[in-house]
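Every number here is computed from the coordinates shown, using simple stated rules; none is lab data. What you see is a predicted model; the values in this text were computed from it and never measured. Note: ideal-geometry Cβ built from the backbone for every residue, glycine included; neighbour counts use all protein chains shown.
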Amino acid sequence: MIELNQSNYKENQDFEMARKKVQKLKSFYIHFFIYLIGLTFYMLKEYFEISFNVFPLNQLNFFVMAIWTTAFLITLVDTIVSFAVFGKKWEDRKLESIMNANNKTQKWK
């Protein structure tokens, strides 16, 4: 019975972690798509000298795009790091390390 509960807990924990990763990846893709649209309008405005008289588009300038590009790159690095560096293998190693430390400090059986 206890093993079954631990198994269910581990499955729920794995599912929750996977759900969070999928949500993070979905957020990144949405940000990437919107960034590409904004970059396209910026290039049309700056390089083809098309003027836009609509509020968000007429505010696109180098400063705004520099901040947006920085935010996008931070999101990209965060997504890559969280998937590459802190992937499933890292999680398993860390969990095993914590469990071993707990077993060593536990004095009763």
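In order along segment 50-63, the Karplus-derived 3J(HN,Hα) couplings, from 6.51 cos²θ - 1.76 cosθ + 1.60 at θ = phi - 60°, round to 8, 9, 10, 9, 9, 3, x, 6, 6, 8, 5, 9, 4, 4 Hz, and Gly and Pro are given as x. Taking K and R as +1 and D and E as -1, what net charge do the other residues with C-beta under 15 Å from the C-beta of residue 59 add up to? Taking every Cβ under 15 Å from that of residue 59, the sum is 0.
Applied to segment 23-38, the Karplus parametrisation 6.51 cos²θ - 1.76 cosθ + 1.60 on θ = phi - 60° returns per-residue 3J(HN,Hα) values of 5, 5, 5, 4, 4, 4, 5, 5, 4, 4, 4, 5, 4, 4, 5, x Hz, with x for Gly and Pro.
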